[in-house]
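Q: Sharing a structure with you now.
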Amino acid sequence: QATRAVACLPALIGAWRDPAGGLLMSASGYAPVDSVAQARPDLRPHQEKPARVVNMSAIGDALCHPGDDSFGPKIEALVVYNSNPVAVAPESGKVAAGFAREDLFTVVLEHFQTDTADYADFVLPATTQLEHLDIHKAYGHTYLLANNPAIAPLGEAKPNSEIFRLLAGRMGWQEACFSDTDDQLAAQSIRWDDARMAGGDWETLKRNGWIRYDLPDAPFANGQFYTPSGKCEFYSERMLQEGFDPLPDWVPPYESVASNPDLAARYPLAMISPPARHFLNSSFVNVDSLRASVGEPTLDIHPADAAPRGIENGGDVRIFNDRGILSAKARVTEKAREGVVVGLSIWWKKLAPDGKNANEVTSQQLTDLGRAPTFYDCLVEVAPA
């Protein structure tokens, strides 16, 4: 569980300690994004009432909920793009049940027939990165990038933005922004007058393909953090204003032997589900050669945990808790820590032998800071199949 142990956030978003004792900083926040221009809060009809937000990590509960005053209206229509929630969202059994509702109208914009596309009333062909215009921030370098299309869209494929424009037109929305082209949207998305952009503009970026931010190679080397004080804030006034402890602290997992002994008595093993080497979340699972390289869903388990359960290397096992159950091939190995099992993922459910993946057992609980998912905060039991 991500917790207040990183209370110097947001000063240190993406910071990791390297073995040599240095500090590695994510570059994802370098781009001076114009979030107001992107989100257009001025278009909300009732400014005093915040827009309803449904956290994707709790989409299972949201779709299965009948709707009431405390939760909000029942979700009756859904457009899915750039995601495969039936495979990637936690507590997958609830997610699939929600998508299977007969009264839910679902449209999926996709390149492939994913687990989620299987539940769609309509699947609309989306363009790939090779076919549409885009603008990219960076994680590991100090450049802003233009994604210029290499080829024209194939068949009837359209960029997500074009589908949104067509929908807006058919729904009668007259605001000028709903006819903005992708070029105009890209140009509006960055605060070009920010000093980091060194006088650049969208046309220059589009023509050259990249613009280097006006930053030193190591922007934080001299303590120039993007905080109100310009320092690494071990005491964060902003966190205090948002209702968090302003000092570093540690919060126990929701599910562990120490924090939840009753649950651990039934499900004593912690499970983590990092990506399989040849997959990227749920991307590439449909590529036959990459899936063949992975082989089949596996579960790494320490010999000290395998022996008392009668689990042998190469044997079929069941992984289960109150949320669900899935099957995998056991790999008895000391690479797994005692008390921890490792299920490499994320398999498309329909491409797994039992039609399940690791998210059958993961939780919809959210972190206290950032309301992010807690995929690795998960207790299970394992038994021979």
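Q: Of everything in segment 365-385, what is open to solvent by 20 Å² or more (accessible area, probe 1.4 Å) and either of a type in the set (S, T, N, Q) or in a loop (DSSP other than H, G, I, E, B) (or both)? Give them in sequence order.
A: Gln365, Asp368, Leu369, Gly370, Arg371, Ala372, Phe375, Tyr376, Ala385
Q: Condition (residue is small (Gly, Ala, Ser), within 26 Å of Gly200 (Cβ to Cβ) and not in a loop (DSSP other than H, G, I, E, B)) applied to segment 142-163: is it met by at least one residue?
A: Checked segment 142-163: at least one residue is small (Gly, Ala, Ser), within 26 Å of Gly200 (Cβ to Cβ) and not in a loop (DSSP other than H, G, I, E, B).
Q: Continuing with the same structure: Which is open to solvent by 70 Å² or more (accessible area, probe 1.4 Å) and under 26 Å from the mean Cα position of the chain (by Cα), of Phe164, Phe225?
A: Going through Phe164, Phe225 in turn, the sole match is Phe164.
Q: Now for a different question. Which residues, taken from segment 266-295, are closer than 20 Å to Gln113 by Cα and in contact (Cβ under 8 Å) with a residue 24 or more places away in the chain?
A: If we filter segment 266-295 for residues that are closer than 20 Å to Gln113 by Cα, which is where we start, we get 278-292.
Answer for segment 266-295, where residues must be closer than 20 Å to Gln113 by Cα and in contact (Cβ under 8 Å) with a residue 24 or more places away in the chain: Phe279, Asn281, Ser282, Val285, Asn286, Arg291.
Q: Still on this structure: If the requirement is being within 30 Å of Ala306 (Cβ to Cβ) and among the aliphatic types (A, V, I, L, M), which of these qualifies: Ala186, Ala221, Ala195, Ala276?
A: It is Ala276.
Q: Please indicate, with yes or no, whether at least one residue in segment 132-143 is touching a residue at least 12 places away in the same chain (Cβ under 8 Å), open to solvent by 80 Å² or more (accessible area, probe 1.4 Å) and of a type in the set (Lys, Arg).
A: yes
Q: Within 12 Å of Met56 (Cβ to Cβ), assigned to a loop (DSSP other than H, G, I, E, B), open to solvent by less than 60 Å² (accessible area, probe 1.4 Å) and of a type in the set (Ser, Thr, Tyr) - does that describe any residue in segment 81-93?
A: Checked against the condition, which is being within 12 Å of Met56 (Cβ to Cβ), assigned to a loop (DSSP other than H, G, I, E, B), open to solvent by less than 60 Å² (accessible area, probe 1.4 Å) and of a type in the set (Ser, Thr, Tyr), segment 81-93 yields at least one hit.
Q: Quick one: in segment 349-364, which of the residues that are touching a strand residue (DSSP E or B) at 6+ places or on another chain (Cβ under 7 Å) and part of a loop (DSSP other than H, G, I, E, B) is most open to solvent (accessible area, probe 1.4 Å)? Walk me through how you get there before you give the answer.
A: If we filter segment 349-364 for residues that are touching a strand residue (DSSP E or B) at 6+ places or on another chain (Cβ under 7 Å), which is where we start, we get 353-354, 356-358, 360-361.
Okay, now just the ones that are also part of a loop (DSSP other than H, G, I, E, B), so 353-354, 356-357, 361.
Details: Pro353: 112, Asp354: 54, Lys356: 63, Asn357: 4, Val361: 0 Å².
Only one residue tops the list, namely Pro353.
Q: How many residues are part of a loop (DSSP other than H, G, I, E, B) and charged (D, E, K, R) if we restrict to segment 182-236?
A: Taking segment 182-236 as the starting set, the residues that turn out to be part of a loop (DSSP other than H, G, I, E, B) are 189, 191-194, 198-201, 209, 213-236.
From what's left, charged (D, E, K, R): 191, 193-194, 201, 214, 217, 231, 233.
Total meeting the criteria: 8.
Q: Determine if segment 267-279 includes at least one residue that is assigned to a helix (DSSP H, G or I), at negative phi and open to solvent by 70 Å² or more (accessible area, probe 1.4 Å).
A: Going through segment 267-279, the residues assigned to a helix (DSSP H, G or I) turn out to be none.
Within segment 267-279, not a single residue is assigned to a helix (DSSP H, G or I), at negative phi and open to solvent by 70 Å² or more (accessible area, probe 1.4 Å).
Q: How many of the residues making up segment 308-348 are touching a Leu at 6+ places or on another chain (Cβ under 8 Å), part of a strand (DSSP E or B), over 19 Å from Val257 (Cα atoms) and touching a residue at least 60 places away in the same chain (Cβ under 8 Å)?
A: Looking only at that region, the number is 2.
The values are calculated or read from the model by the stated rules, or taken from the named source; none is laboratory data. Since the model is a prediction, treat every value here as computed from it, not as a measurement. Note: ideal-geometry Cβ built from the backbone for every residue, glycine included; neighbour counts use all protein chains shown. Just the protein is used for accessible areas: all its heavy atoms, side chains included, with ligands, DNA and RNA removed. Shrake-Rupley method; radii C 1.70, N 1.55, O 1.52, S 1.80 Å.
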